[in-house]
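Undergrad: Here you go, one structure.
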Ligand code: GAF
């Protein structure tokens, strides 16, 4: 699948610029097994890079002008790096502009590029095509100009690019896109950025993504608001328990004593966060022990929290999880990513996937009159240079 994407991108580059690309970069989207909305709350997350990628082809332009072409959108833009970088009204341009701005703000020495890219990561599905865009573009710039940027800083600079665009996101997506390894999930401590790889062996179960095919427009505002609510809650926790430095050190018992001291909505949000951080460690242990049934149960619990307490679900996603709960072949399912649309991540007994997929697709179509998209994903490598063989 990715071979044809690489071929298409390379050919398009040659047709557009009349030369062979100097660098080809592959940059993946991500899934997250568990640990949702806890990255910006200093919690643990369990993401992985996937085999759906953006392919970039680059060369230096040898001027201050960069020309960037999005093949699939049939759109392009130019930016003169000798002028101030400003936000554009075209959203995808901003992820790239944000990376260029990061490079400038950090004093790196680089000039213009010619770049084309093409993707097979579904956009707006919660698979982090934006992180793949930032991390891949940054890696291309780093490789072309020999910039000294560590893997960790690549993730951090890409995250800052996204903040510049307007989403006050955590580090999970960019970290997974940069650090992914085939068949491994990453247990990431979002406080220290220490991480360890764990085998992604789901035994008798297959991971399937059901894409609700909806994206509700309140995503950005609601996402930033959740972050503010958590900050408000944490300030109250710290004022009452000075030994607690972040949510990870706060026990549920401590939090419950503060119920009357917090706004009811804020309490509900942070209650979810404290429980979700604890669930990630349990889930990782269950995965290591091959107890996939327990892992599945934890996914259902997470969805319940995201839907009722954190309120980042939507009726279409809740419906997909209801279908999962009612099906004997499914042991776990939850919305994945920021929410308000996008995908559920679902564990299905191997051998039963096709029947479940067919059933869900039919019922979903009947209920919402929307086509359910379905992706089987493999866990793949992080951002890398493509070296053609032979
Ligand atoms: C989005 C954000 F970009 C991540 O940082 C993370 O907060 C996620 O939503 C929710 O877990 O993907």
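Taken together, the values in this text are just the output of simple stated rules run on the coordinates, not laboratory data. In this text the structure is predicted, and so the values were computed from the model without any measurement. Neighbour counts are summed over all protein chains in view; Cβ atoms, including those assigned to glycine, are modelled from backbone coordinates with ideal geometry.
Undergrad: How long is the gain from residue 206 to residue 325 if the chain were fully straight, where each residue apart is worth 0.36 nm and the alpha carbon distance is subtracted?
TA: Between residue 206 and residue 325, full extension yields an extra 41.2 nm.
Undergrad: Starting from the Cα-Cα distance between residue 215 and residue 291, subtract it from 0.36 nm times their residue separation and give me the gain in nm to one decimal.
TA: 24.0 nm
Undergrad: Ok, one more. Among 218, 144, 298, whose mean-square fluctuation peaks in a Gaussian network model of the chain (Cα, cutoff 10 Å)?
TA: Ranking 218, 144, 298 by mean-square fluctuation puts 218 first.
Undergrad: May I ask for the Kirkwood hydrodynamic radius of the chain, worked out over all distinct Cα pairs and given in angstroms to one decimal?
TA: 21.7 Å
Undergrad: I've got another one for you. At what distance in angstrom do the alpha carbon centres of segment 36-90 and segment 184-201 lie from each other?
TA: About 24 Å separates the Cα centre of segment 36-90 from the one of segment 184-201.
Undergrad: Next question. For residue 163 and residue 249 in the same chain, what is the full-extension length gain: residue separation times 0.36 nm, less their Cα-Cα distance, in nm?
TA: Gain on extension, residue 163 to residue 249, equals 28.3 nm.
Undergrad: A follow-up question, please. In degrees, nearest 10, range 0 to 90: what is the angle between the Cα axis of helix 129-145 and the longest Cα principal axis of the chain?
TA: Helix 129-145 sits at roughly 40 degrees to that axis.
Undergrad: Can you give me the pair-distance distribution of segment 22-156, C-alpha pairs, 5 Å bins, whole percents?
TA: Here the calculated profile for segment 22-156 is 2, 10, 19, 24, 20, 14, 8, 4, 1.
Undergrad: Kindly state, to the nearest 0.05, the FRET efficiency for residue 3 paired with residue 378, given R0 = 25 Å and r defined as their beta-carbon distance. Please list the in-between numbers first.
TA: On the way: r = 15 Å, r/R0 = 0.58.
Efficiency at R0 = 25 Å is approximately 0.95.
Undergrad: Hey, for a label at residue 363 modelled as a point 7 Å past Cα toward Cβ, could you say which residues of segment 310-335 have their backbone N under 20 Å away?
TA: Residues 313-335 qualify, since their backbone N sits under 20 Å from the label point.
Undergrad: Something else now. With N set to the number of residues, divide the alpha-carbon radius of gyration of segment 284-390 by 2.2 N^0.38 Å and report two decimals.
TA: Normalised Rg, Cα atoms only: 1.22.
Undergrad: Moving on to the next point. Expressed as a fraction of 2.2 N^0.38 Å, the rule-of-thumb size for a compact globular protein of N residues, what is the C-alpha radius of gyration of segment 74-131?
TA: Values: Rg = 12.8 Å, N = 58, 2.2 N^0.38 = 10.3 Å.
Rounded to two decimals, the normalised Rg is 1.24.
Undergrad: Under a 10 Å cutoff between Cα atoms, tell me which one of 83, 238, 203 has the largest fluctuation in the Gaussian network model of the chain.
TA: Result: 83 has the largest fluctuation of those listed.
Undergrad: Compute the angle between helix 353-368 and the longest alpha-carbon principal axis of the chain, please, reported from 0 to 90 degrees and rounded to the nearest 10.
TA: 90 degrees
Undergrad: Would you mind classifying segment 207-344 by shape? Square roots of the alpha carbon gyration tensor eigenvalues, ordered a ≥ b ≥ c; an a/c under 1.5 is rounded, otherwise it is prolate if a/b is larger than b/c and oblate if not.
TA: Numbers: a/c = 2.49, a/b = 1.40, b/c = 1.78.
Since a/c reaches 1.5 but b/c is at least a/b, the shape of segment 207-344 is classed as oblate.
Undergrad: Another one. Kindly express, to the nearest 10 degrees and within the range 0 to 90, the angle between helix 91-105's C-alpha long axis and the longest C-alpha principal axis of the chain.
TA: Computed tilt is about 80 degrees.
Undergrad: Just check segment 1-99 against the gyration tensor rule for me: Cα atoms, a ≥ b ≥ c as the square roots of the eigenvalues, rounded for a/c under 1.5, and otherwise prolate or oblate depending on whether a/b exceeds b/c.
TA: It is oblate, given that a/c is not under 1.5 and a/b is not larger than b/c.
Undergrad: Same structure again: If you take the Cα Rg of segment 162-208 and divide it by 2.2 N^0.38 Å, with N the number of residues, what do you get?
TA: Taking the Cα Rg and dividing by 2.2 N^0.38 Å, one obtains 1.41.
Undergrad: May I pose another question? Among 108, 267, 175, whose mean-square fluctuation peaks in a Gaussian network model of the chain (Cα, cutoff 10 Å)?
TA: Ranking 108, 267, 175 by mean-square fluctuation puts 108 first.
Undergrad: So if I take the centroid of the Cα atoms in segment 314-375 and the same for segment 286-303, what is the distance between those two points in Å?
TA: 17 Å
Undergrad: As a check on your grasp of the helix formula, calculate [θ] at 222 nm for the chain: sum -39500 (n - 2.57) over DSSP H runs of n ≥ 4, divide by the residue count, round to the nearest 500. Before the final figure, lay out the partial values.
TA: Numbers: 11 runs with 163 residues, N = 390.
Calculated from helices alone, the mean residue ellipticity at 222 nm is -13500 deg cm²/dmol.
Undergrad: When a/c reaches 1.5 or more, the comparison of a/b and b/c decides; with that in mind, is segment 117-244 rounded, prolate or oblate per its Cα gyration tensor? Please list the in-between numbers first.
TA: Details: a/c = 1.34, a/b = 1.25, b/c = 1.07.
It comes out rounded by the Cα gyration axes.
Undergrad: Quick one: if the Förster radius is 30 Å, what FRET efficiency do residue 281 and residue 151 give, using the C-beta to C-beta distance and rounding to 0.05?
TA: Numbers: r = 24 Å, r/R0 = 0.81.
About 0.80, to the nearest 0.05.
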